[in-house]
1. Quick one: in region 4-408, what % of C-alpha pairs are over 34 Å apart?
2. Just Phe148, Phe181, Phe117 to compare: in a GNM of the chain, with alpha carbon springs under 10 Å, which one fluctuates most?
3. If you fit an axis through the alpha-carbon atoms of helix 125-152 and take the longest principal axis of the Cα set of the chain, what angle between them do you get, 0 to 90°, nearest 10?
4. Give me the distance in nm between label points sitting 7 Å out from Cα along the Cα-to-Cβ direction at Lys299 and Ser154, one decimal.
5. In region 4-408, with Lys and Arg counted as +1 and Asp and Glu as -1 at Cβ, which of these residues, Trp254, Leu372, Thr118, has the Cα nearest the positive end of the dipole, that is, farthest along it?
6. Hey, what did region 4-408 get for relative contact order, percent, Cα under 8 Å, at least 6 apart?
7. Tell me which of Val202, Val149, Ile230 sits at the most positive position along the dipole axis of the chain, charges placed on C-beta atoms (Lys, Arg +1; Asp, Glu -1).
8. Who wins for biggest fluctuation among Trp72, Trp254, Trp123 in a Gaussian network model of the chain, springs between alpha carbons below 10 Å?
Amino acid sequence: MIGGGIFTVLGVSVSMIGVFTPLAFLIGGALAALASYSYIKLGLYYQDEGATYSFFKRTFTSSSFAASLIGWWVIFGYISTLALYAYTFASYAISAFDFADDIWVRKSVAGAILLLFTLVNIWSVKGMGKLEDLMVYTKLIILILISFVLMNHSNTTIPTLLQNNGEINILSILIVASLTFVAFEGFQLVINAVNEMKNPQVNTPRAIYSAIAIAIFIYLIISIGAIISIPFEDIIQNQEYALAAGADKVLGHWGTDLVILGAVLATSSAISGTLFGASRQVSVIAHDGYFPSFLTKRKNNIPIYSIIMMSSLAFCLILAGDLQVILEFSSVTFLLISFLMAYANFTIYKKTNSSLILTIIAMIGLFSGTLLIIYYEATTQIEQLYFIGGIYLLLTLGAWMFSRFKKAS
């Protein structure tokens, strides 16, 4: 979960709402916790590694188009987060060099890291798991260290910032909170491993809820440390590698190196984890006939072609878009998909032994977040909304065609 999110969203958030950035992360985390409730309930009820796609398909059995559509949307959502993580990796990895702002160097480095973790995931599940553990534990230590060091080098206080920069309306805070949802979306990938997990009834909710709580804590202390120690203009000017640029002025060269190392580890583990979990979901969807059949093929239980397909399309998205449009597409997609999961849980809440009130609150929050991002795009960056809408149109057309082929066969 703690991958590209904090490093990508921080600069965008500060540029939009300044001192209220930590509050947006808190609201975004609360929304993620509400979304995870339905995922956990559906995951324990169905125990299917197809996760989001399978839950929707098995809840609404009469519509092949609905099953195909949710499959296409969720997989391309994961592809967009792969692009986001790779783009952020590249931004931080080259941030100390003179060519840091060269867009094509950045995109080339993003492609290279995607290729590396494609090979790692194809090579060995066990090897990937050990590498993932090492990166996760190391990045957590580094991120916490960065946070407290930034706080100790503060040049202002939250009350002072509120006094000087407190004229932000609640709508802007809620829009940014919706954008931060993508920083928490990794919790869904736990469900993909339900059949490979010991005691899933206990470990699934424990893993997801604790992960969200840890992510909220780390995002809060990093964002607080950043806004009280790094001038806003520096964060805004260097949005794509804000922490590294700010740390250089506050902590010196070693501080920059530490931030870059944390960002590289965080984004690397997110790329690897997303490829691992989502590629297995691709294989399940392809087995049902909603993706090309060659994506079902596995070697040593590893869906090689699914992994290659996801990495290749993520690189295509990097070539076609910039950081903010990838971020906004990812956020909209996972808010919308999480809403649909909450709706699925709502329809069978008695079977999943769910709270009706919590499920309804989650549906309202997730749908509102989706509308807020669309509103922001429509009023500020209509071209990006056209780009996102065009992607959804293509995905919907692909889902429709495969659902028709399945019916014909």
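1. 25 percent
2. Comparing Phe148, Phe181, Phe117 in a Gaussian network model of the chain, the most mobile one is Phe148.
3. 30 degrees
4. 5.4 nm
5. Thr118
6. 33 percent
7. Val202
8. Comparing Trp72, Trp254, Trp123 in the GNM, the peak value goes to Trp254.
The numbers here are math on the coordinates, done by the rules we state, and not lab data. Given the structure is predicted, the values throughout are model-derived calculations rather than measurements. A quick note on method: Cβ atoms are made from the backbone with ideal geometry, for glycine too, and the neighbour counts reach across all protein chains shown.
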